[in-house]
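The values are calculated or read from the model by the stated rules, or taken from the named source; none is laboratory data. All of these numbers come straight from a predicted model, not from anything done at the bench. Positions of Cβ are generated from backbone atoms using ideal geometry, with glycine treated the same way; all protein chains shown enter the neighbour counts. Areas reflect the complete protein model, heavy atoms only, side chains present, ligands, DNA and RNA absent. Shrake-Rupley method; radii C 1.70, N 1.55, O 1.52, S 1.80 Å.
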Amino acid sequence: ALSRFPYRERVESRREADVLVDFHAPILRRLRLWALDTAVPVVPVDVEQGEALPTICFETTCPERFQNLAHLMRDTAQVVDQVQAVKLCKQRGQTPVPRLIHYPSTAETVNAAYALARPGEAYCDPRHTLVL
């Protein structure tokens with residue numbers, strides 16, 4: 001109970017199954033496609049080459065989920081949090097950064113989506129928002 005024992009390792013060590021299916025793979029593939037289709041190119045200030053990186057905002061209260069998504073999207077898009085997304089909009093006068101909303105509970109997720117869908121929200125465009 002004190003150390004992590006991933007499911008895959010447990011199954012392999014006990015020979016509980018012949019095949020493991022990663023049910024997250026189709027969801028991650030669709031997330032990557034969404035990010036490529038909607039991400040806003042943002043030129044980082046600290047990069048000398050000036051290459052634009054596709055950027056999306058991941059709105060969540062779970063730091064572990066944020067880090068996991070940022071890691072999974074590292075070759076697809078730059079993932080920023082809500083504060084960074086607002087700063088990018090203010091600094092560069094750009095259109096809002098596309099936003100992925102996913103909270104630990106359905107109620108929190110729906111509440112966040114509803115709050116951002118109100119008219120006059122300057123830092124979020126509901127047309128470029130994915131609620132998961």
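Results, tabulated for the structure shown:
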read-out: Probe 1.4 Å, accessible area per residue of the chain, Å²; value: 72
read-out: Most mobile of 122, 113, 25 in a GNM of the chain (Cα contacts under 10 Å); value: 25
read-out: 58, 66, 23, reordered so the largest accessible area comes first (probe 1.4 Å); value: 23, 66, 58
read-out: The chain: angle of helix 106-116 to the longest principal axis, Cα-based, in degrees nearest 10; value: 10
read-out: Rg to Rh quotient for the chain, alpha carbon positions, Kirkwood Rh; value: 1.06
read-out: Area of residue 123 that stays accessible when all protein chains are in place (1.4 Å probe, Å², to 10); value: 70
read-out: Length gained when the stretch residue 94-residue 2 is fully extended (0.36 nm per residue, less Cα-Cα span); value: 28.4 nm
read-out: Accessible area of the chain belonging to carbon and sulfur atoms, whole % at 1.4 Å probe; value: 54
read-out: Paramagnetic reach from residue 28 (point 7 Å along Cα→Cβ, amide N under 15 Å) across the stretch 57-75; value: 65-75
